[in-house]
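Let me begin by presenting the structure, written as structure tokens, before commenting on it.
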Amino acid sequence: MKQSINPTEWVTELAPEPNDVYWPFFSSSFMRRWLSKIVVIVACILLTILFLIPVLVVQGLTNLNQLEIWFPSLKSILTITFVSQVITGYLPSLILQLFLKIVPPIMEFLSSIQGYICHSDIEKSACNKVLWFTIWNIFFATVFSGSVLYQVSIFLDPKHIPAKLASAVPAQASFFIAYVVTSGWTSTSSELFRIIPLIWSLLRKPFTCCSDEEFEVPSIPYHRDIPRILFFGLLGITYFFLAPLILPFLLVYLCLAYIIYRNQFLNVYAPKYETAGKFWPIVHNSMIFSLVLMQAIAIGLFTLKKLPLASTLIFPLPFLTLLFNEYCRKRFLPNFIAYPAEVLIKRDREDRYDPKMAEFYDNLVAAYQDPALLPIQFSANSDSLNSPLISAAQ
């Protein structure tokens, strides 16, 4: 509940668990957190606009005629079938994947300065940013390849969005199939070996004083892996009736991801904090968005094919999907925001006879320690709890 008449003077929210606390913004003012959010929003918009440059370069590689205009000296080489297939098929997805590697760390940094007081909220915010960044810059910017003004003009005319999606989305089917192979198969296979973390740990080890007994078990980077999986889900839902050839590639990716990530969760990663399913609403919202997008494309496609009966039958589906989403928001979303009192009472009654509760209470005393409040030097007096903070000599 609110603690002050002025709601910005004493801001309260549910306390995270001790391992989840992010102290830098724990005692910050309302104005600082508010300005931080505005700065992060502007930075994300600028990053999204700047990332259109490599996307347009990639789209230029997928168009052989445009490459011949840009580089007339390579025209004889581009006529070779193998070279043209590699340049227009595999190379664009590889270049785009290399550029995308820097996006999750940047989004995590921006979320860390946004004003959150727990690591799980930072990672959840970064996950949302990476997901919608990927959907906009990889899906829409690739589908509507052209100038930025052209892409903006499409969404300023909402009546023709389904028809334009129906004509533009199928044309990029081959690119997204190659993207599933390069981004999905490669990233999932590399996850099993963790080459980059291994090299980084070997380079960092000579400069650290930690022994082998002090090895820190890593936690899975949700803000990097969840958006990738959800984006492939969007591609599967969107293209399953436009280009069914993409489904076997997605099936191979999902099978690999299930086997590899199951091993990683059991034998490699260890959770640093408990989030109580905070990431599931992101998955739900992404699936709802994918379904509505697929239905809009289907309406536009049947309209272009001049099938009025099919368009009429599909027209109610987006509204029914959004209605189902609203029901889920009212029925299930509150359980992901705060713990119900019924569950907390039940847990308290179960913990009453737990022999480990005494140790839990002892650890709870020192669990929440704001670094700003920790003493620089400890007093030599054994009765430090009763001694004054400032000595008489001072």
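The values are calculated or read from the model by the stated rules, or taken from the named source; none is laboratory data. Just so it is clear, the structure is predicted and the values come from calculations on it, not from any experiment. With ideal geometry, Cβ positions are generated from the backbone for all residues, glycine too; neighbour counts draw on all protein chains shown. When the accessible area is computed, the model is the full protein with side chains, heavy atoms only, and any ligands, DNA or RNA have been set aside. Shrake-Rupley method; radii C 1.70, N 1.55, O 1.52, S 1.80 Å.
Values computed for the structure shown
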| quantity | calculated |
| --- | --- |
| Single unsatisfied condition, ARG228 versus (1) basic (Lys, Arg); (2) closer than 30 Å to ILE314 by Cβ; (3) surrounded by fewer than 20 Cβ atoms within 10 Å (Cβ to Cβ) | (3) |
| Residue that is nearest to ARG228 (Cα to Cα), among those in the range 164-180 that are over 24 Å from the mean Cα position of the chain (by Cα) and open to solvent by 10 Å² or more (accessible area, probe 1.4 Å) | SER174 |
| PHE144 vs. criteria open to solvent by less than 40 Å² (accessible area, probe 1.4 Å), among the aromatic types (Phe, Trp, Tyr), modelled with pLDDT under 75 and closer than 25 Å to ALA243 by Cα | yes |
| Top-ranked residue of the range 196-211 - restricted to ones that are among the β-branched types (Val, Ile, Thr) and more than 22 Å from the chain's Cα centre (by Cα), ranked as least open to solvent (accessible area, probe 1.4 Å) | THR208 |
| Residue within the range 344-361 that is under 30 Å from PHE289 (Cα atoms) and small (Gly, Ala, Ser) present | no |
| Sole residue being more than 24 Å from VAL55 (Cα to Cα), modelled with pLDDT under 80 and among the charged types (D, E, K, R), chosen from ASP212, ASP157 | ASP212 |
| Residue tally, condition touching a residue at least 40 places away in the same chain (Cβ under 8 Å) and either closer than 24 Å to CYS127 by Cα or open to solvent by 30 Å² or more (accessible area, probe 1.4 Å) (or both), over the range 241-251 | 5 |
| Flag for ILE297 being open to solvent by less than 80 Å² (accessible area, probe 1.4 Å) and within 26 Å of ALA166 (Cβ to Cβ) | yes |
| Qualifying positions in the range 315-345 - open to solvent by less than 60 Å² (accessible area, probe 1.4 Å) and outside any helix (DSSP H, G or I) | ALA338, PRO340 |
| Qualifying residue in the range 328-341 (condition: over 25 Å from VAL283 (Cβ atoms) and more than 24 Å from the chain's Cα centre (by Cα)) | yes |
| Some residue of the range 301-314 being in a helix (DSSP H, G or I) and at pLDDT 90 or above | no |
| Within the range 278-287, considering residues that are modelled with pLDDT of 90 or more and of a type outside the set (Val, Ile, Thr), the one surrounded by the fewest Cβ atoms within 10 Å (Cβ to Cβ) | TRP280 |
| Helices (runs of 4 or more DSSP H) within the range 1-86 that include 2 or more residues open to solvent by less than 60 Å² (accessible area, probe 1.4 Å) and at pLDDT below 80 | 52-62, 64-70, 81-85 |
| Hits in the range 109-146 - residues which are of a type in the set (D, E, K, R) and in a loop (DSSP other than H, G, I, E, B) | none |
| Residue that is most open to solvent (accessible area, probe 1.4 Å) [pool: residues in the range 252-277 that are among the polar types (S, T, N, Q) and touching a residue at least 60 places away in the same chain (Cβ under 8 Å)] | ASN263 |
